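Notes follow once the structure below has been shown.
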Amino acid sequence: MFSKYTNYIIVIIASALLAVGLFTAGVSPWLVFTLLMVFTFAISMGYPFYIIYKARNLKLIGRYLTNHQSKPIFGYAHALAHGTDEEVIKSLNRILKSYANAEVQQVYKANLLFFKKDWRGLIEEAKTMGDPAYKHYYAGIGYTMSSNMEKSQECLSKLGTPWMTHSLKAIIAFKQNNPALFEAESASATKQAVGMQRFVVHHMLNRMAKRTVASKEV
């Protein structure tokens, strides 16, 4: 596993090799400098963008999040994969204290209410959301937690985002004690999501699966 410092060293070495190659090819110094700046910027900004929004490899995403877990949102995703419920809740509170953006506050407060098993609070929070997709998704989760399957199915019918649809179906299957359907819908939800969302959905549902196994072992 590469650390972020190792990644910096790799970028420096790659930049140096590129500079040597360009000078050897007779490229003028000012153009070499410009190309190096563009190359460094593309690597520095392009790679994180790819990981957060486009990547599909869970291990690759996980390594990036581990190396950057000091940032609140990345720390939450890391805690989902490796921490206890208490650590996940702590990481969510840290996000809420760190970001004033309204959408960030709504989404992560909803996640916090989910982990606190506060379905009433989750339903009420969902009603305040401006994004219809998140509104129906989190309301559907809240209604599922409260065993109001009629309302949950109503929310499900209004979802158009594939990963949200499969994720909510998985949570409904979990509530209805249907492990085969839960597993199938969890896999579909992960498959449909990309970037950090893929990592978060996968590990959130995986935590639910582990909870089921643990309860059977008791």
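The values are calculated or read from the model by the stated rules, or taken from the named source; none is laboratory data. Only a predicted model underlies this, so the values are computations on that prediction, with no experimental measurement involved. Here Cβ is always computed from backbone atoms with ideal geometry, including for glycine, and neighbour counts include all displayed protein chains. Protein only, heavy atoms only, side chains kept; ligands, DNA and RNA dropped before computing areas. Shrake-Rupley method; radii C 1.70, N 1.55, O 1.52, S 1.80 Å.
The requirement of being of a type in the set (D, E, K, R), under 14 Å from Val194 (Cα atoms), assigned to a helix (DSSP H, G or I) and open to solvent by 90 Å² or more (accessible area, probe 1.4 Å) is not satisfied by Lys97. For region 117-124, does any single residue satisfy the condition of being surrounded by 15 or more Cβ atoms within 10 Å (Cβ to Cβ), modelled with pLDDT of 95 or more and under 17 Å from Gln197 (Cβ atoms)? For region 117-124, residues surrounded by 15 or more Cβ atoms within 10 Å (Cβ to Cβ), modelled with pLDDT of 95 or more and under 17 Å from Gln197 (Cβ atoms): absent.
Going through region 167-183 one residue at a time, which ones are under 20 Å from the mean Cα position of the chain (by Cα) and under 14 Å from Asn206 (Cβ atoms)?
Start the filter on region 167-183 by keeping residues that are under 20 Å from the mean Cα position of the chain (by Cα), which leaves 167-171, 182-183.
Matches in region 167-183: Ser167, Ala170, Ile171, Phe182, Glu183.
Filtering region 51-88 to residues that are within 23 Å of Tyr134 (Cα to Cα), outside any helix (DSSP H, G or I) and open to solvent by 10 Å² or more (accessible area, probe 1.4 Å) leaves Lys54, Arg56.
Set side by side, the residues Thr212, Thr165 differ, and just one is hydroxyl-bearing (Ser, Thr, Tyr) and modelled with pLDDT of 95 or more, which is Thr165.
Quick check: anything in region 176-192 basic (Lys, Arg) and under 21 Å from Trp119 (Cβ atoms)? So that I can check it myself, show each step before the final result.
Filtering region 176-192 down to residues basic (Lys, Arg) leaves 191.
Cutting the leftovers down to under 21 Å from Trp119 (Cβ atoms) gives us none.
No.
Criterion first (among the polar types (S, T, N, Q) and open to solvent by 50 Å² or more (accessible area, probe 1.4 Å)) does Ser91 satisfy it? Considered against the rule, which asks whether it is among the polar types (S, T, N, Q) and open to solvent by 50 Å² or more (accessible area, probe 1.4 Å), Ser91 comes out as no.
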